[in-house]
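Student: Have a look at this one.
The values are calculated or read from the model by the stated rules, or taken from the named source; none is laboratory data. A quick note: this is a predicted structure, and the numbers were derived from the prediction, not measured. Virtual Cβ from ideal backbone geometry, glycine too; neighbours counted across all protein chains shown. For accessibility, only protein heavy atoms count, side chains too; no ligands or nucleic acids. Shrake-Rupley method; radii C 1.70, N 1.55, O 1.52, S 1.80 Å.
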Amino acid sequence: MKKVLIMSSVHPWNDTRVFHKEAVSLARLGYDVTLYAVASNHVYEGNIPNLRVVTFAPKSIAQRWKTWLQLYKIAKRSNAEIIHIHDPELLPLAYLLKRKHRKKVIFDMHEDFPAVLKGKKIGKMRMPKWLLRVVATTEKKMLQKMNAVIYAEKYYKENYESLTTKQMDIYNYPFLQEPTDILKYEKQTLIYAGAIHEIRGFKEMLAVAKLLKKANNDFQLLIIGKVPQRLEIYAEQFIQKHDLEDEVKLLGRLDLHELMTYYAKSHIGLAILHPEANYLRSLPTKIFEYMSVSLPYVLSNFESYGRLVEETKSGYVVDPLSPNEIASQIQVLLDNPSTQAELGANGYKQHVANFNWSVEERKLGELYDGI
């Protein structure tokens, strides 16, 4: 039985892609898998054959070098046949493991890292272009030395046409879901789950809740994910000021199985990300999760998002920076349950035919078999 190490210094151990999809799939495909990742508010029960989970406490950016060093020491001493790395910050570690210790290494690309850096600031200044070029060039040189590179999004590969190493697209599609007869919430329910940040529409969602209440809608907004302290304070003040205690619920981070139940009981999914470089062409995983439970959605009006909506007829697009437009489109859905049902049914058909993990799992197995 081939041994595999999966490593992340950023993701919680029960991350949907890292654990529920890739680690569990590899274990079921007959690999002996050990996952090293960040501890979360859930504990692994050790109930999956061939899969062990080792966690470490989350650390600040300034302290994460300690985790990097720890993972490097573990990996170089391991007799695992394949080491699967998940974070851009661990790419130098992956490079050293490959070049210095002759390990077989897979790098799993979750995001367009150069595009992410374009949106970052040093103090109040944007990243200088020369530094972005250096990072992009260095990243490509390191990726070239990997045994394989996995892309979570189709367009990522366009940035790496010069790479000759083995490459594979393995998308973040949800597990194939059976039709559900779970009862919906009595109140019309809007839901968002994922990373919480200004550029992911957190403040716009609160503003939309205010507008919908002002229009006398009976609804609730569920926001699922870890809320940074600055936004938690903002939300508390906003909710109190606009008397939204009964409408807005911040539920914290949930495990995948709990999350899917919340989706199934809700009425409208939200994904109103800002027009940041890393989001413009990267379709949110949550959209495919919404489709899997027949949940219509309201999505940012980026070109690639608009194409998906046009092809699947499963949601609407809006200007993510306009709470008035977002609220208006949500109002259309709130007023038309039959439209909700039609869009949800269209999305579910696409989920079954095109957007589920079964196909991606086979691709993952083929990749591993070929290394």
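Student: How big is the accessible area of K349 in square angstrom, nearest 10, if you roll a 1.4 angstrom probe over the protein chains?
Tutor: 140 Å²
Student: Separate question: Would you check the accessible area of E303, probe 1.4 Å, heavy atoms only, in square angstrom rounded to 10?
Tutor: Approximately 140 Å² of E303 is accessible to the 1.4 Å probe.
Student: Pop out the ³J(HN,Hα) list for the stretch 334-342 in order, Karplus 6.51 cos²θ - 1.76 cosθ + 1.60 with θ = phi - 60°, rounded to Hz; leave Gly and Pro as x.
Tutor: 4, 7, 9, x, 5, 5, 3, 5, 5
Student: Anyone know which of Y95, Y185, Y263 comes out most mobile in the 10 Å Cα GNM of the chain?
Tutor: Y185
Student: Residue by residue through the stretch 242-250, which ³J(HN,Hα) values in whole Hz follow from phi under the Karplus form 6.51 cos²θ - 1.76 cosθ + 1.60 (θ = phi - 60°), with glycine and proline marked x?
Tutor: Calculated HN-Hα couplings, in order: 9, 6, 10, 4, 7, 9, 10, 10, 9 Hz.
Student: Right, something else. Using only the Cα atoms of the stretch 308-371, construct the convex hull and provide its projected area averaged over every direction, in square nanometres to one decimal.
Tutor: On the way: hull surface 24.9 nm².
Averaged projected area of the stretch 308-371's Cα convex hull equals 6.2 nm².
Student: Out of the DSSP beta bridges found with both residues in the chain, what percent are antiparallel (nearest 5)? Don't jump to the answer; show the numbers that get you there.
Tutor: Working: 2 of 48 bridges.
About 5 percent, rounded to the nearest 5.
Student: Further question: Residues of the stretch 161-314: accessible area per residue at 1.4 Å, in Å²?
Tutor: Averaged over the residues of the stretch 161-314, the accessible area is 46 Å².
Student: Would you work out if the stretch 1-77 is rounded, prolate or oblate? Take a ≥ b ≥ c from the square roots of the eigenvalues of the alpha-carbon gyration tensor; rounded if a/c is under 1.5, else prolate when a/b is larger than b/c, oblate otherwise.
Tutor: Working: a/c = 2.37, a/b = 1.46, b/c = 1.62.
Here the stretch 1-77 falls in the oblate category.
Student: Can I ask one more? In the chain, what percent of the accessible surface is made up of carbon and sulfur (1.4 Å probe, ligands and nucleic acids excluded)?
Tutor: Details: 9120 of 17730 Å².
Its accessible area is 51 percent carbon and sulfur atoms.
Student: Once the Cβ-Cβ distance between R28 and W65 is put in as r, and R0 is 22 Å, what FRET efficiency do you end up with, to the nearest 0.05? Mind dumping the intermediate values first?
Tutor: Details: r = 34 Å, r/R0 = 1.56.
Working from the Cβ atoms, E equals 0.05.
Student: For helix 303-312, report the angle its Cα long axis makes with the longest principal axis of the Cα atoms of the chain; keep it between 0 and 90° and round to the nearest 10°.
Tutor: 70 degrees
Student: K73: which lysines have alpha carbons under 27 Å from its alpha carbon, excluding same-chain residues fewer than 8 sequence positions away?
Tutor: K73 reaches K2, K3, K21, K59, K98, K100, K103, K104, K140, K141, K145, K166.
Student: Another question, then. Relative to the present Cα-Cα distance, how much length would full extension add between A277 and A341 at 0.36 nm per residue of separation?
Tutor: On the way: separation 64, 0.36 × 64 = 23.04 nm, distance 3.28 nm.
Separation in residues times 0.36 nm, less the Cα-Cα distance, equals 19.8 nm.
Student: Right, next: Could you work out the relative contact order of the chain, using alpha carbon pairs under 8 angstrom and six or more residues apart, expressed as a whole percent?
Tutor: Across the chain, relative contact order equals 14 percent.
Student: To continue, here is another question. Kirkwood hydrodynamic radius, the stretch 13-52, all distinct C-alpha pairs: what's the number in Å? If you can, show how the numbers build up before the last one.
Tutor: Details: mean 1/r = 0.0981 Å⁻¹.
For the stretch 13-52, the Kirkwood estimate is 10.2 Å.
Student: Build a GNM of the chain with springs between Cα atoms under 10 Å: which of P275, P337, P92 gets the top mean-square fluctuation?
Tutor: Result: P337 has the largest fluctuation of those listed.
Student: Let me ask something additional. Residue separation times 0.36 nm, minus the C-alpha to C-alpha distance between Q240 and K145: what's the value?
Tutor: Working: separation 95, 0.36 × 95 = 34.20 nm, distance 5.36 nm.
Gain on stretching Q240 to K145: 28.8 nm.
Student: While we're on this one: Which value, in Å³ per residue, describes the convex hull spanned by the Cα atoms of the stretch 127-222?
Tutor: Convex hull of Cα atoms, per residue: 164 Å³.
Student: Per DSSP H run of at least 4 residues, take -39500 (n - 2.57); add these up for the chain, divide by its residues and hand me the 222 nm value, nearest 500 deg cm²/dmol.
Tutor: On the way: 13 runs with 147 residues, N = 371.
For the chain, the value works out to -12000 deg cm²/dmol.
Student: Given points 7 Å out from each Cα along the Cα-Cβ axis, report the K154 to Q331 separation in nanometres with one decimal.
Tutor: Label at K154, label at Q331, 3.5 nm between them.
Student: For the stretch 185-298, I need the span (max minus min coordinate) of the C-alpha atoms along each principal axis, in Å, sorted largest to smallest.
Tutor: 35, 34, 26
Student: Something else now. Quick check on the chain: what are the equivalent-ellipsoid semi-axes from the Cα gyration tensor, as sqrt(5λ), descending, whole Å? Show your work: numbers first, answer last.
Tutor: On the way: eigenvalues 258, 107, 82 Å².
Working from the Cα gyration tensor, I get semi-axes of 36, 23, 20 Å.
Student: While we're here: Scaled to the compact-protein estimate 2.2 N^0.38 Å, what is the alpha-carbon radius of gyration of the stretch 62-117, rounded to two decimal places?
Tutor: Numbers: Rg = 11.7 Å, N = 56, 2.2 N^0.38 = 10.2 Å.
Normalised by 2.2 N^0.38 Å, the Cα Rg of the stretch 62-117 equals 1.15.
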